[in-house]
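The values are calculated or read from the model by the stated rules, or taken from the named source; none is laboratory data. For clarity, every value in this text was computed on a predicted model and none was experimentally measured. As a convention, Cβ positions derive from the backbone with ideal geometry for all residues, glycine included, and neighbour counts pool all protein chains shown. Protein only, heavy atoms only, side chains kept; ligands, DNA and RNA dropped before computing areas. Shrake-Rupley method; radii C 1.70, N 1.55, O 1.52, S 1.80 Å.
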Amino acid sequence: MKKYAFVFGISILAMAPSFAQDTIGPYNNSNIAFTIPEKDLIPESIAYDPATGSFFMGSTRKGKIIRRDRNGNIMDFVAAKQHGMWMVIGLKIDIDRRILWVCSSGGDNLEGYSLKDDQEGRPAGIFKYDLDSGKLLGKFIYNAPGEVHFFNDVAIAPNGDVFVTHMFQDHAIYQIKNGSETLEKVYTSDAIQYPNGIAFSENGEKLYVAHSDGIALININSGEISLLEIPDGLKISRRESIDGLYFYKNSLVGIQSDVNTVNRLFLDESGSKIIRSQPLEIKHPMMDTPTTGEIVKDEFYYIANAQFGKFDENGLLPMHKLYEPVILKVRLDYEY
């Protein structure tokens, strides 16, 4: 998100040899999956429940979560600021346990938010909801004067353990073990700066973390943290760094928000090195800060226009400049 340095990703992937992002694209490989008739939703996150065919989206503006069912009906799943919710950032569904995990953090996008980082600090929390009833099952909150917290995205291990990226107060990965009522910091490293998108390998042994300097690889069995090797010319740091990150058939799918790009990064057999990249979408005409997505079978659904840049110099959101949030979809099992 442009309003918070390195809060949400940014990036473009380049295949060796290197090339300038401004010289390629636009692509137009994506199709419109659906739109949301709520212009000022300002969404950052999306999740999909294959059991019901429902999509869930979180609003940074209203501090709420909406549900769109398989028939296109839209309703509030969690009402605005209910249960103390702030901006809704990352969402992830534990399909086996029917749980929706939510990252929520304070910030200026939220209507009525007035806390100052250097005075009151910034609160943040992880919220746990029953996916079927919407009942709050638990929440894990950090809210102390002078402490600036931001929980960014969520990944769920095969055994139900939850891993969350966190920035500002510290740059770290936090964990909630399956069945636990404790949120604990488990990974910190100079190799993880402003962590953002996070994704497990299919077997759950590797955890990939997008951050401002690239992608970190955490070996869950040993706890070893290293930088993912990349080929010459590949740009996935700073302005080109990744927001939403997803694992698909021994590859990573990354959204690079600041350069309006979606890329697929192919890994070697060890999963510790990117060997090539394939742009899936670049500068689609409906993109205006794409953020996160969800893999549905062999298609990637993603928020095309979070519209974070539409706030004016006074922090207001001019409605006449907004468009309905657009969800695009692009095939992953196709060579573009």
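Per residue, the chain exposes 40 Å² of solvent-accessible protein surface, assessed with a 1.4 angstrom probe and all protein chains in place.
Under 20 Å from a label point set 7 Å out along the Cα-to-Cβ vector of F266, the amide N atoms of region 184-206 belong to 201-202.
Under 5 Å between amide hydrogens, built in the peptide plane, is the criterion, and for V148 it picks out R122, Q169 among residues at least 5 positions away or on other chains.
Taking the Cα centre of the chain as reference, the dipole from Cβ charges on Lys and Arg (+1) and Asp and Glu (-1) amounts to some 620 debye. When T165, T289, T188 are compared by accessible area at a 1.4 angstrom probe, the order from most to least is T188, T289, T165. In the chain, the portion of solvent-accessible area held by carbon and sulfur atoms comes to 45 percent [1.4 Å probe, whole percent, DNA, RNA and ligands not counted].
Scanning residues 5 or more positions from L280 or on other chains, those with amide H under 5 Å from its amide H are V262, N263, R264, with H placed 1.01 Å from N in the peptide plane. Apply the a/c threshold of 1.5 to the C-alpha gyration tensor of the chain and tell me whether it is rounded, prolate or oblate. The shape class here is rounded. Across the cross-link table entries K39/K310; K297/K329; K62/K297; K64/K283; K116/K321, which are compared at the Cα atoms, the separations over 20 Å belong to K62/K297; K64/K283; K116/K321. Ranking of D69, D258 by solvent-accessible surface, largest first: D258, D69 (1.4 Å probe, protein heavy atoms only, all chains present). For region 182-254, the set of trypsin sites (Lys or Arg not before Pro) satisfying both a DSSP loop assignment and a count of at most 16 other C-beta atoms within 10 Å is given as K249.
The charge dipole of region 138-190, taken about its Cα centre with unit charges on the Cβ of Lys, Arg, Asp and Glu (plus for the first two, minus for the last two), comes to roughly 140 debye. For the chain, relative contact order (Cα pairs under 8 Å, six or more residues apart, normalised by length) works out to 20 percent.
For D76 and H320, the difference between the fully extended length at 0.36 nm per residue and the C-alpha to C-alpha distance is 85.5 nm. Please work out, to two decimal places, the log10 of the ratio I(q)/I(0) at q = 0.09 Å⁻¹ from a Debye calculation in which every Cα of region 183-336 carries one identical scatterer. Ignoring solvent entirely, the Cα scatterers give -0.31. Going by the alpha-carbon gyration tensor, a ≥ b ≥ c the square roots of its eigenvalues, is region 21-139 rounded (a/c under 1.5) or, if a/c is not under 1.5, prolate (a/b greater than b/c) versus oblate? Cα axes put region 21-139 in the oblate bin. Within the same chain, lysines fewer than 8 places from K273 are excluded, and of the rest, those with a Cα less than 21 Å from its Cα are K206, K235, K249.
Overall form of region 76-130: prolate. Here a/c, set by the Cα gyration tensor axes a ≥ b ≥ c, is 1.5 or more, and a/b is the larger of a/b and b/c.
In a reduced charge model with +1 at each Lys and Arg Cβ and -1 at each Asp and Glu Cβ, region 232-336 shows a dipole moment near 100 debye about its Cα centre. When GluC sites (Glu not before Pro) are flagged only if DSSP places them in a loop and at most 10 other Cβ atoms lie within 10 Å, the longest unflagged stretch of the chain comes out as 1-180. Projecting label points 7 angstrom from Cα along Cα→Cβ for A144 and R276 puts them 5.0 nm apart.
Where does the Debye-calculated log10 I(q)/I(0) of region 55-204 sit at q = 0.15, 0.19, 0.21 Å⁻¹, using only Cα point scatterers of equal weight, no solvent? Results for region 55-204 at q = 0.15, 0.19, 0.21 Å⁻¹ read -0.76, -1.19, -1.41.
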